[in-house]
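Colleague: Here's a structure for you.
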Amino acid sequence: MSVLDWLMAGDPAIRWQTMRDLLGADPEEVAAERARVAYEGWGARLLALQETDGSWAGGAWFPAGDRDPDDGQPWTSTAHVLVLLTLLGADPDAHALREAAERAFAAVRWEDNDAAFLDGEDEACTLATTILVGAYFGHDMSGASARLVADHRADGGWNCDPPSLSTRSSFHSTLLALEALEAQHRAHGLDPAALEAVDDAREYLLVRSLMRGRRSGTVVDAAYQRFSFPPYWHYDVLRALDHLRTADAPRDPRLADAIALVRSRQSAAGQWPLENTHRGAVPFVMEDGDGRPSRWNTLRAMRVLRWWEEQA
């Protein structure tokens with residue numbers, strides 16, 4: 001079985017993105033396959049887990065009830081499930097999905113400030129999540145985007161800690177903010193201040209080759225070189241490259257090391273493994289575990305390499 005055939009044997013979420021990004025399938029066929037995500041496989045399973053109160057697991061960022069910190073961050077609550085549905089690429093106009101999202105937006109409130117879901121919190125990482133999800137489902141998140149841009153740090157990126165605790169940006173927070181602002185840009189556009197912040201943040205990553213200290217040149221965190229899915233709030237090089245591909249960013253020579261890293265992870269069978277699965281309860285397990293071939297990582301790596309090579 002070829003790698004493409006193996007991808008096409010996966011969930012509808014994998015199939016429709018493979019058709020669009022790797023096979024160049026007819027747009028009507030892609031749309032028909034995408035429509036299945038809300039009613040079959042992983043997408044349908046996520047929708048079936050929604051509570052009667054409109055939430056997932058009773059909370060916005062955290063599930064309701066007590067948590068054992070030794071078990072890691074739970075990924076079963078409303079924000080994480082809605083982000084996962086965007087990663088699956090479920091059609092936001094599918095009735096079942098639209099209804100579920102709007103029920104959540106109307107009912108779920110954030111833990112720290114009791115704000116409505118689409119108003120978000122002040123902390124940059126949860127605010128970026130709000131923007132990404134809201135824009136995906138067609139809401140104009142200009143107000144929240146302006147708040148996120150106002151928290152932009154002088155070195156070019158973002159940090160989920162307030163400025164009183166850290167004036168330096170983080171890779172994790174910067175990429176979360178970039179993904180959110182790209183979602184808003186595609187849906188409703190960005191004002192000049194936001195576009196400037198996006199340029200600054202991409203430069204923050206590029207000058208660090210997506211993984212290195214600006215002064216030391218050494219890899220900041222070995223975890224950045226391991227490709228996980230779902231990534232949740234965690235940064236890694238493949239996720240950063242896939243953002244740049246989505247945004248149709250220019251092919252910058254400072255990405256060469258990151259591209260070489262992606263190529264180096266490919267197995268002799270042409271697949272990429274799952275790596276660095278993040279601890280914590282999940283709605284359900286999608287793939288076979290770390291070290292095993294991953295359709296998600298293979299799909300994302302192949303489309304990143306195609307994007308890079310097409311611009312050569």
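The values are calculated or read from the model by the stated rules, or taken from the named source; none is laboratory data. Keep in mind it's a predicted model, so treat the numbers as computed, not measured. Because the Cβ atoms are built from the backbone with ideal geometry, glycine has one as well, and the counts that use them run over all protein chains shown. Protein only, heavy atoms only, side chains kept; ligands, DNA and RNA dropped before computing areas. Shrake-Rupley method; radii C 1.70, N 1.55, O 1.52, S 1.80 Å.
Colleague: I'd like to know which of ALA90, LEU206, TRP233 lies farthest towards the positive end of the charge dipole of the chain, counting +1 on Cβ of Lys and Arg and -1 on Cβ of Asp and Glu.
Modeller: LEU206
Colleague: Please state the relative contact order of the chain as a whole percent: Cα pairs under 8 Å, 6+ residues apart?
Modeller: 15
Colleague: Run the accessible area of the chain with a 1.4 Å probe and give the carbon-and-sulfur part as a rounded percent.
Modeller: With neighbouring chains kept in place, the figure for the chain is 49 percent.
Colleague: Give me, ordered by chain and number, the residues 5 or more places off ARG212 or on other chains with an amide H under 5 Å from its own placed amide H.
Modeller: The answer is VAL220.
Colleague: Right, here's the next one. Is there a quick way to get the dipole size of the stretch 1-80? I mean about its Cα centre, with the Cβ of Lys and Arg at +1 and of Asp and Glu at -1; what is the value in debye to the nearest 20? Mind showing how you got there, number by number?
Modeller: Numbers: 6 positive and 14 negative charges, 31 e Å.
So the dipole magnitude of the stretch 1-80 works out to roughly 160 debye.
Colleague: DSSP loop (so not H, G, I, E, B), at most 16 other Cβ within 10 Å: list which trypsin sites (Lys or Arg not before Pro) in the stretch 66-157 pass both filters.
Modeller: Details: sites: ARG67, ARG98, ARG103, ARG109, ARG147, ARG153; in loops: ARG67, ARG153.
Answer in residue order: ARG67.
Colleague: Find out how many positive minus negative residues lie around SER142, taking Lys and Arg as positive, Asp and Glu as negative, among other residues whose Cβ is under 15 Å from that of SER142.
Modeller: -2
Colleague: Here is a follow-up. Roughly how many Å is it from the Cα centre of the stretch 1-23 to that of the stretch 274-288, as a whole number?
Modeller: What the calculation gives is 21 Å, centre to centre.
Colleague: OK, next. Output wanted: per-residue J couplings in Hz (rounded whole) for the stretch 227-234, from phi through Karplus 6.51 cos²θ - 1.76 cosθ + 1.60, θ = phi - 60°, x for Gly and Pro.
Modeller: Once θ is set to phi - 60°, the couplings for the stretch 227-234 become 9, 10, 7, x, x, 6, 8, 7 Hz.
Colleague: What is the set of long-range amide H partners of GLY59 at a cut-off below 5 Å, with H atoms built 1.01 Å from backbone N?
Modeller: Here ALA64, THR78 satisfy the definition.
Colleague: The stretch 61-118 to the stretch 209-248: how many Å between their Cα centroids?
Modeller: A separation of 25 Å, based on Cα centres.
Colleague: Let me ask something else. What are the principal axis extents of the Cα atoms in the stretch 189-292, in Å, biggest first?
Modeller: For the stretch 189-292, the Cα extents along the three principal axes come out at 43, 30, 26 Å.
Colleague: Here's another thing I want to ask about it. Determine the dipole magnitude for the chain: charges of +1 sit on the beta-carbon of Lys and Arg, -1 on that of Asp and Glu, nothing else is charged, the reference point is the Cα centre, and the result goes in debye to the nearest 20. Display every interim value, and only then the final one.
Modeller: Working: 31 positive and 48 negative charges, 227 e Å.
That gives the chain a dipole magnitude of about 1080 debye.
Colleague: Which whole-Hz ³J(HN,Hα) couplings does the stretch 165-179 yield from phi under the Karplus relation 6.51 cos²θ - 1.76 cosθ + 1.60, θ = phi - 60°, glycine and proline marked x?
Modeller: 9, 7, 9, 9, 7, 10, 4, 4, 5, 5, 5, 4, 5, 4, 4
Colleague: Still on this model: Just going by the charge dipole of the chain, with Lys and Arg at +1 and Asp and Glu at -1 on Cβ, which of ALA13, GLY65, ALA106 is farthest out on the positive end?
Modeller: In the chain, that residue is ALA13.
Colleague: Using a 1.4 angstrom probe, figure out how much accessible area the stretch 1-86 has per residue, in square angstrom, rounded to the nearest whole.
Modeller: Per residue, the stretch 1-86 has an accessible area of 46 Å².
Colleague: Write down, largest first, the equivalent ellipsoid semi-axes of the stretch 236-312 in whole Å, where each equals the square root of 5 times an eigenvalue of the alpha-carbon gyration tensor.
Modeller: Details: eigenvalues 117, 40, 22 Å².
After diagonalising the Cα gyration tensor, the semi-axes are 24, 14, 10 Å.
Colleague: When each pair of different Cα atoms in the stretch 83-143 is counted once in the 1/r mean, what is the Kirkwood radius in angstroms, to one decimal?
Modeller: One decimal place: 11.9 Å for the Kirkwood radius.
Colleague: Averaged per residue, what accessible surface does the stretch 154-282 expose to a 1.4 Å probe, in Å²?
Modeller: Per-residue value: 45 Å².
Colleague: In debye to the nearest 20, how big a dipole does the stretch 177-281 give about its Cα centre with +1 on each Lys and Arg Cβ and -1 on each Asp and Glu Cβ?
Modeller: On the way: 14 positive and 14 negative charges, 104 e Å.
Dipole size: approximately 500 debye.
Colleague: Considering the convex hull of the alpha carbon atoms of the stretch 141-206, report its projected area averaged over all viewing directions, in nm², one decimal.
Modeller: Values: hull surface 15.7 nm².
Directional mean of the projected Cα hull area for the stretch 141-206 stands at 3.9 nm².
Colleague: If we restrict to alpha carbons, what Rg and Dmax does the stretch 185-225 come to, in Å?
Modeller: When restricted to the Cα atoms of the stretch 185-225, Rg and Dmax are 13.7, 39 Å.
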